[in-house]
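Trainee: This is the structure I have questions about; it appears just below.
Coordinate-derived values only; no laboratory data. Computed from a prediction, not measured in an experiment: that's the story for all the values here. Here the Cβ positions follow ideal geometry from the backbone for every residue, glycine too, while neighbour counts run over all protein chains shown.
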């Protein structure tokens with residue numbers, strides 16, 4: 001290692017910023033901030049980790065501030081600009097939180113991310129044909145068919161929707177799969193498949209301070225209790241007896257942990273009553289839950305939210321090498337108590353940020 005030219009001292013700040021924003025791996029940004037005090041100051045001052053997160057997931061533009069929980073110097077978010085020291089403190093806190101968040105986006109394992117079924121727009125026979133049956137991966141449980149069925153409609157254009165609770169308030173969703181039900185009983189000749197013409201997905205959160213409970217009858221419509229912050233394109237669905245997977249064009253950060261599946265158009269008429277039905281055996285969501293390290297507090301009516309980072313979850317749940325992520329599928333209310341380890345996350349460089357101590361003397365930069 002020999003002293004070399006530091007381009008941050010030779011280039012204009014705008015050009016240096018342009019160069020560093022080309023980095024798309026959060027580990028690289030953390031390493032840049034570990035080169036020297038001046039480089040670290042540049043990364044923090046320009047919010048490079050935050051900007052990387054915003055590029056990866058535009059949904060984060062609604063963040064009003066960040067809070068570090070269980071930190072020795074944790075305090076509630078204060079607006080930038082109250083003083084130079086307060087501004088620097090805020091920038092440093094944002095740097096730590098967003099650096100860890102960005103790394104989590106690319107490091108967590110993709111896994112099943114549904115916690116529970118909330119409600120359906122209609123249910124033909126409850127509880128035999130409840131939305132809760134769609135959580136079962138099999139179309140037969142015991143000796144009974146396991147599926148959800150809508151009420152019959154004479155108009156095939158009448159839509160339906162299913163609403164689910166995800167395992168975390170922050171989940172990066174990659175794909176959603178739906179298995180339509182195929183009738184196999186003696187009064188359904190030809191084994192008809194009760195598919196839908198198309199599907200569309202919405203993600204969002206509960207309207208504060210509304211508390212949404214799991215529907216006990218399966219017929220209540222909770223749609224007006226939610227705010228939808230993302231709506232997907234329309235995906236065509238085929239009339240086939242298989243799990244059909246719909247991959248989103250880009251991974252989406254669901255803020256609030258609520259997913260709605262819109263079922264658009266009916267295909268199959270039931271011979272017994274001449275009405276059109278939609279029936280679903282199984283729904284599966286693949287994503288990356290970011291709990292318990294991260295949570296959100298949503299502010300109404302603005303829709304902005306505070307991003308909360310549990311420092312203890314980050315520092316004390318460090319992984320062993322090659323250890324897998326273990327995320328519980330219990331209700332969100334129990335996840336904080338469980339404190340399951342957030343693992344498979346390489347935060348070696350980020351940990352250095354917490355231990356960084358500026359030394360007295362010259363600010364020498366060394367480059368390989």
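Trainee: To the nearest 0.05, what FRET efficiency results for residue 37 and residue 177 with a Förster distance of 45 Å applied to their C-beta separation?
Mentor: Taking R0 as 45 Å, the efficiency between residue 37 and residue 177 is 0.35.
Trainee: In which sequence would 200, 96 go, from the one with the fewest C-beta neighbours within 10 Å to the one with the most?
Mentor: By the 10 Å Cβ count, ascending: 200, 96.
Trainee: Let me ask something else about it. Any chance you could tell me what percent of the C-alpha pair distances in the stretch 111-289 go past 24 Å?
Mentor: The answer is 32 percent, as a whole percent.
Trainee: Residue 198 to residue 51: FRET efficiency via 1/(1 + (r/R0)^6), r the Cβ-Cβ distance, R0 45 Å, to the nearest 0.05?
Mentor: Efficiency at R0 = 45 Å is approximately 0.80.
Trainee: Under the definition of Cα pairs under 8 Å and six or more residues apart, what whole-number percent is the relative contact order of the stretch 111-289?
Mentor: Here the relative contact order equals 40 percent.
Trainee: Can you put 228, 148 in order, fewest other beta carbons within 10 Å first?
Mentor: Going from sparsest to densest Cβ surroundings: 228, 148.
Trainee: How far apart, in nanometres, would the label points at residue 236 and residue 138 be if each is projected 7 angstrom from Cα along the Cα-to-Cβ direction?
Mentor: 3.5
Trainee: If each of residue 22 and residue 61 carries a label point 7 Å out from its Cα toward its Cβ, how far apart are those two points in nm?
Mentor: Here the modelled spin labels are 2.6 nm apart.
Trainee: While we're on this one: Once each part is reduced to its C-alpha centroid, what is the distance from the stretch 129-171 to the stretch 105-127 in angstrom?
Mentor: 9
Trainee: Going by how many other Cβ atoms sit within 10 Å of their own, how do 56, 15, 203 line up, fewest first?
Mentor: Arranged by neighbour count, lowest to highest, 56, 15, 203 become 15, 56, 203.
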